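> My questions all concern the structure below.
The values are calculated or read from the model by the stated rules, or taken from the named source; none is laboratory data. Computed from a predicted structure; not experimentally measured. Here the Cβ positions follow ideal geometry from the backbone for every residue, glycine too, while neighbour counts run over all protein chains shown. Surface areas here come from the heavy atoms of the whole protein model, side chains and all, with no ligands, DNA or RNA. Shrake-Rupley method; radii C 1.70, N 1.55, O 1.52, S 1.80 Å.
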Amino acid sequence: MKEFKLTFEVIPEECWGYSLYHILSPADWDKVRKDAYRRAGYRCRICGAKGRLEAHEKWRYDEENRLQKLEDVLALCHNCHQVKHISRTYLVGNGADAAEHFMRVNGCSQAEFHAALVKMNEEYSARNKIEGWVTDITWLKDKFDITLK
């Protein structure tokens, strides 16, 4: 399968709702997100768009060790962020726009988009069979002087 610049995030249901936004104070979350925007030169890290940015938590999943590990917080435009969370985006009725953005950024066809969705759903199903995920936010603790709620 083709490698894409803009991809989907596959978050196990057990890990839903675990967001830095919910575990950091508003002041600490501001530090983290503003650092992401600054490091990206105030442009989307994926498509390069300027304008209003959103902070996206980039997690790595190690299925064998049941580990959800924070790798970075990225500055993304709203459109790229919607693609990252494509399942939620479809649920709120913005799936068609996200699909168009995915195809435009990746220079791919609708068939390639659908193949990527199938692959994502397979990965999602596999991750949801795993229980007892552990979350590692060492990256955050090492980079920022913050306190958790």
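> Leaving out ligands, DNA and RNA, what percent of the accessible area of the chain is carbon and sulfur, probe 1.4 Å? If you can, show how the numbers build up before the last one.
Working: 4240 of 8640 Å².
That share works out to 49 percent.
> Output wanted: per-residue J couplings in Hz (rounded whole) for region 100-107, from phi through Karplus 6.51 cos²θ - 1.76 cosθ + 1.60, θ = phi - 60°, x for Gly and Pro.
Those phi angles translate into 4, 5, 4, 5, 5, 5, 8, x Hz.
> If amide hydrogens are placed 1.01 Å from N in the peptide plane, which non-local residues have theirs closer than 5 Å to the one on LEU6?
Residues meeting the amide H criterion: none.
> Given axes a ≥ b ≥ c from the Cα gyration tensor, I'd like to know whether region 22-77 is rounded (a/c under 1.5), prolate (a/b larger than b/c) or oblate. Before the final figure, lay out each step's value.
On the way: a/c = 3.13, a/b = 1.48, b/c = 2.12.
Oblate is the answer for region 22-77, as a/c is 1.5 or above yet b/c matches or exceeds a/b.
> Just to verify a number: what accessible area does LYS50 come out at with the full protein assembly present, 1.4 Å probe, Å² rounded to tens?
Accessible area of LYS50: about 150 Å².
> Something else about it: Using the Cα gyration tensor of region 1-43, with a ≥ b ≥ c the square roots of its eigenvalues, what is the shape: rounded (a/c below 1.5), prolate (a/b larger than b/c) or oblate (neither)?
Numbers: a/c = 5.75, a/b = 1.21, b/c = 4.75.
The shape class here is oblate.
> Here is a follow-up. Of the cross-linked pairs LYS34/LYS58; LYS2/LYS69; LYS5/LYS34, which ones have a Cα-Cα span greater than 19 Å in the structure shown?
Details: LYS34/LYS58 15 Å; LYS2/LYS69 25 Å; LYS5/LYS34 23 Å.
Violating the 19 Å limit, Cα to Cα: LYS2/LYS69; LYS5/LYS34.
> Follow-up. Counting pairs of Cα atoms in the chain, how many percent are more than 22 Å apart? Walk me through the numbers before you get to the answer.
Working: 4891 of 11026 pairs.
Considering the chain, 44 percent of its Cα-Cα pairs are separated by more than 22 Å.
> If amide H atoms are built 1.01 Å from N in the plane of the peptide, which residues on other chains or at least 5 residues away come under 5 Å of the amide H of ASP72?
Under 5 Å from the amide H of ASP72 lie the amide H atoms of LYS58, each far enough along the sequence or on another chain.
> Between ALA126 and GLU112, what length comes free when the chain is fully extended (0.36 nm per residue of separation minus the Cα-Cα distance, one decimal in nm)?
Values: separation 14, 0.36 × 14 = 5.04 nm, distance 2.13 nm.
Roughly 2.9 nm would be gained on extension.
> Ordering GLU9, GLU100 by accessible area with a probe of 1.4 Å, largest first, what comes out? Display every interim value, and only then the final one.
Values: GLU9 40, GLU100 105 Å².
Of GLU9, GLU100, the descending order of accessible area is GLU100, GLU9.
> Still on this structure, I have one more. Whenever you get a sec, line up ARG43, ARG104 from highest to lowest accessible area (probe 1.4 Å, protein heavy atoms).
On the way: ARG43 100, ARG104 150 Å².
Sorted by accessible area, descending: ARG104, ARG43.
> HN-Hα J couplings of region 112-127 from phi, Karplus 6.51/-1.76/1.60, θ = phi - 60°, integer Hz, Gly and Pro as x?
Karplus-based 3J(HN,Hα) across region 112-127 equals 5, 4, 5, 5, 5, 5, 4, 4, 4, 5, 5, 5, 4, 4, 5, 5 Hz.
> Rounded to the nearest 500 deg cm²/dmol, what is the calculated helix-only ellipticity per residue at 222 nm for the chain, with -39500 (n - 2.57) per DSSP H run of length n ≥ 4? Spell out each step's value before the answer.
On the way: 7 runs with 68 residues, N = 149.
It comes out at -13500 deg cm²/dmol, rounded to the nearest 500.
> 7 Å from Cα along Cα→Cβ at both GLU63 and TYR21: what's the point-to-point distance in nm?
2.9 nm
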